[in-house]
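What follows is a single structure, written as structure tokens, with notes after it.
Coordinate-derived values only; no laboratory data. The structure displayed is predicted, hence computed values, not measured ones. Glycine also receives a Cβ, built like all others from the backbone with ideal geometry; neighbour counts cover every protein chain displayed.
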Amino acid sequence: MPVTYAAIVAAAALVVWLIFRNHALTREHRRMAVRLTEVDQMKKNFISHVSHELKAPLASMQETTHLILERIPGPLTEKQHRLLDLLSTLKPPNQKCPVWYQPSSIF
């Protein structure tokens with residue numbers, strides 16, 4: 001079966017279309033990779049910020065509680081005793097708070 005001029009033109013057009021499509025998909029892939037890197041950095045920054053915002057006051061409360069327990073400012077008042085009793089009942093037995101992770105989408 002002889003190859004016609006129309007078949008050659010159609011094949012060439014298909015090859016050109018495939019080249020352009022490949023180029024477009026490559027650009028889209030690169031754009032998505034850049035965006036994914038940006039989102040990952042945003043996630044890291046968010047976690048770092050939240051972690052700092054939680055740790056700073058907790059460290060301050062822990063140090064204050066330690067000072068009160070050591071009676072450095074002086075003898076404990078009745079209110080301080082009640083507060084320490086309350087804190088001791090809130091502390092988990094293994095001194096660690098349980099953490100549950102659940103995957104979720106941010107979009």
* Leaving out same-chain residues fewer than 8 places away, which aspartates and glutamates sit with a Cα under 18 Å from that of residue 44? -> 53
* Asked: residue 87 versus residue 49, label points 7 Å from Cα toward the beta carbon: distance in nm?
  -> 3.0
* Using all C-alpha to C-alpha distances in segment 5-84, build P(r) with 5 Å bins and read off the rounded percent in each one. => 3, 12, 9, 9, 7, 6, 7, 6, 6, 5, 5, 4, 4, 4, 4, 3, 3, 2, 2, 1, 0
* How far apart, in nm, are two points set 7 Å out from the Cα along the Cα-to-Cβ line at residue 39 and at residue 4? -> 4.8
* Asked: How far apart, in nm, are two points set 7 Å out from the Cα along the Cα-to-Cβ line at residue 25 and at residue 62?
  -> 5.2
